[in-house]
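Read the structure below first, then the notes.
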Amino acid sequence: MTLQHPAERGGDQRGRFERMAETASNVTGSPVFYGFCLLLIVTFVVVHVTPVPVSWMIFVGDMMAAVSLLLLALLKNTERRAEHALQRKLDAIARVLLEEHDGGSHKARESLREAIRMDENV
């Protein structure tokens, strides 16, 4: 287990977890997942209003807790990847501005072009 920033793991190539997190982020942002969450909440309310066994109440509560925990982990991963992408873009802009001020080569400009297109890979 590594404690690196999620965007820095594996270099420029995205690993299995990053691809899974991207897919999960797309799924959880969909109307279908929103409907699933509404259904889970309605089930939670119905189970607590009707006389059902306590085991069902515990099961539904555990399901809501599990979904909440997974969404929290996914949100944090997505937040950190976006933060890292933004920082890389700001660093590239700063390099270009310094290069333009110093009258140097155009190497930083190419780096900026790569950073701007970086969101396609994140």
Next on the checklist: Can you tell me which residue is surrounded by the fewest Cβ atoms within 10 Å (Cβ to Cβ) among those in the stretch 76-92 that are among the aliphatic types (A, V, I, L, M) and farther than 15 Å from Glu18 by Cβ?
Outcome noted: Leu90
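A quick yes/no check of all residues on (1) outside any helix (DSSP H, G or I); (2) more than 15 Å from Arg81 (Cβ to Cβ); (3) modelled with pLDDT of 85 or more:
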| position | (1), (2), (3) |
| --- | --- |
| Ala7 | no, no, no |
| Gln13 | yes, no, no |
| Met20 | no, no, no |
| Phe33 | no, yes, yes |
| Phe36 | no, yes, yes |
| Val42 | no, yes, yes |
| Ser55 | no, yes, yes |
Next on the checklist: Among the listed residues Met64, Met57, identify the single one that is of a type in the set (A, V, I, L, M, F, W, C) and within 30 Å of Phe17 (Cα to Cα).
Outcome noted: Met64
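The values are calculated or read from the model by the stated rules, or taken from the named source; none is laboratory data. Computed from a predicted structure; not experimentally measured. Cβ sites come from the backbone with ideal geometry, for glycine too, and all protein chains shown count toward neighbours.
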